[in-house]
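Right, one structure below, let's go through it.
The values are calculated or read from the model by the stated rules, or taken from the named source; none is laboratory data. Treat the numbers as computed from the prediction; the structure is a model and nothing was measured. Heads up, the Cβs are rebuilt from the backbone with ideal geometry, glycines too, and the neighbour counts pull from every protein chain shown. Each accessible area value is taken on the protein alone, full model and side chains, heavy atoms only, with ligands, DNA and RNA left out. Shrake-Rupley method; radii C 1.70, N 1.55, O 1.52, S 1.80 Å.
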Amino acid sequence: MRESEVVRMISGLRRAELRRWVAAGWIAPQRQEGEFWFRQIDVARLHMIVQIRRDMRIAEDSMPLVLSLVDQVYGLRNELRQLAEAVEAQPETVRRAITEHRRRGS
């Protein structure tokens, strides 16, 4: 998706603001023929940034920390999902032992 389409799609997003966020590394669109191209994941992240900045009133200078924490949460969720899938693939006795270990809090 072209930059102009993204600016039209996301309510209240200004081109200068978008370019500032790209320069800051908050969004990493592809660049082709001197133009930014945004993937669906970029657009989703832009929606999240707009929500955080506007709805939650987070200052721009605090955004690197907030985005770092959000990225860590998403990374941990992905790791937990993969771990859950690995546990689910184990024999019943192993799954039971893991469940028991968790209950004991060890």
Cα-based helix-to-principal-axis angle, 63-88 vs the chain, degrees rounded to 10: 30 degrees
Rough spin-label spacing in nm, given labels placed 7 Å along Cα→Cβ, for Val94 and Ile58: 3.8 nm
Label-point separation in nm, Asp71 to Met1, each point 7 Å along Cα→Cβ: 2.1 nm
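Please list the equivalent ellipsoid semi-axes of region 24-74, computed as the square roots of five times the alpha-carbon gyration tensor eigenvalues, in descending order and whole angstrom. Please report the intermediate quantities before stating the final value.
Numbers: eigenvalues 94, 27, 23 Å².
Each semi-axis is the square root of five times an eigenvalue, giving 22, 12, 11 Å.
Accessible area per residue for region 20-99 in Å², computed with a 1.4 Å probe and the full protein assembly in place, what is it? Let's see the in-between values first.
Values: 5750 Å² over 80 residues.
In whole numbers, region 20-99 has 72 Å² accessible per residue.
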Using alpha-carbon coordinates, inclination of helix 92-104 to the longest axis of the chain, degrees: 80 degrees
The chain - percent of accessible surface contributed by carbon and sulfur, probe 1.4 Å: 53 percent
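Only loop residues by DSSP count here, and only those with at most 11 other Cβ atoms within 10 Å; note down the trypsin sites (Lys or Arg not before Pro) in region 42-91 that meet that. Working shown, then result.
Numbers: sites: Arg45, Arg53, Arg54, Arg57, Arg77, Arg81; in loops: Arg57.
For trypsin sites (Lys or Arg not before Pro) across region 42-91 that sit outside H, G, I, E and B with at most 11 neighbouring Cβ atoms in 10 Å, the list reads Arg57.
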